[in-house]
């Protein structure tokens, strides 16, 4: 039987494909076998390492880690020396002073803050004493003046930061009234500017925390940002424990309301020109510092009243808890890396009458700082 050229060509093609397929199979199966063997070898090495005791950091990496911890310790010690220890801590220089002398210092401080607030158009409540209203008629005892000086230093700076940020109004400034001692069932007393709680020691006795609360209103978040930035930049150490912000929208004033207000003040309803006293000034936030609406009494020129709010505006009410941190002078932990810090002593039992929710226990450890001031060590790097 004679094969045609087509048949011969097809036989050759099938032969070539068969040889290529057989060769590819053996080549691929060889690679697969080699890969399987390597995986098995690596798995065997891994199993051996898992069963071998003492496997962990190499000596080189352990040395690098110790050097890193040493550098961190050195930097932390320098930071503490600069900001907390005597010579860099203004609170450490506070001494007892006569109660009358402290009262005079308080009156001067309040007068200065009130003057600055008026200059920056920051509204204040009536007879506002920046957390010290109980000392408007009273003079403190000698043994309380050290604590009161430190609180006055902090509240003077915090209030000054709010005034410099030009917030709309300082609603409240509160402090713990530790001078009441353990006699008070709820430390802090009953004054509206008192904060329940006590000044408390921090972890391992490195610092004391002086808690304060402020409430203020502002018209934009930029003012709140300025307050936070200035607290951080202070030469003292402030820890912001929490911030609560509530917003409220002021409704737009209708034209008939505007005319009615102008007529009530005994003025013409004609359009006002620049600098004219005919423009209406709505009540200031919180109902304070508004111009007099008594008939027959001229309204202050616009340049003395500030801008007029006609369109709806948004107001932010901010509550902020701030702790002043006082370094106690206790040296930082200098134990060698790799050792374990001794467990702190358990706290002494509390009296049965101690408050529960917002009491000394809740003010004892500012979480934002207890972590920062703790000395890093090899044993603590895992946590």
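Within segment 225-275, being at pLDDT 85 or above and not in a strand (DSSP E or B) holds for 225, 226, 227, 228, 229, 230, 231, 232, 233, 234, 236. Looking only at residues in segment 125-143 that are closer than 13 Å to residue 100 by Cβ and surrounded by 17 or more Cβ atoms within 10 Å (Cβ to Cβ), the one that is farthest from the chain's Cα centre (by Cα) is 140. Residues that are out of contact with any helix residue (DSSP H, G or I) (no Cβ under 7 Å at 6 or more places or on another chain) and part of a helix (DSSP H, G or I) within segment 131-152 comprise 133, 134, 143, 146, 151, listed in sequence order.
The condition of being surrounded by 14 or more Cβ atoms within 10 Å (Cβ to Cβ) and either under 27 Å from residue 207 (Cα atoms) or modelled with pLDDT under 90 (or both) holds for only one of 94, 110, 122, that being 94. Within segment 150-173, the residues that satisfy the criterion of being surrounded by 19 or more Cβ atoms within 10 Å (Cβ to Cβ) and more than 16 Å from residue 94 (Cα to Cα) are 158, 159, 161, 162, 163, 165, 167, 168, 169, 170, 171, 173. Among the residues of segment 186-203, at least one is over 20 Å from residue 158 (Cβ atoms), at pLDDT 70 or above and surrounded by fewer than 18 Cβ atoms within 10 Å (Cβ to Cβ).
Here is a check on your reading of the model: is residue 68 modelled with pLDDT of 75 or more and surrounded by 10 or more Cβ atoms within 10 Å (Cβ to Cβ)? When the stated conditions are applied, residue 68 passes them.
A count restricted to segment 106-130 and to residues that are out of contact with any strand residue (DSSP E or B) (no Cβ under 8 Å at 6 or more places or on another chain), in a loop (DSSP other than H, G, I, E, B) and under 20 Å from residue 174 (Cβ atoms) stands at 3.
Applying the set (1) modelled with pLDDT under 80; (2) in a helix (DSSP H, G or I) to residue 88 leaves exactly one unmet item: (2).
The values are calculated or read from the model by the stated rules, or taken from the named source; none is laboratory data. Bear in mind that the values here come from a model prediction, so they are computed numbers and not experimental data. Note that each Cβ is placed from the backbone with ideal geometry, even for glycine, and that neighbours are counted across all protein chains shown.
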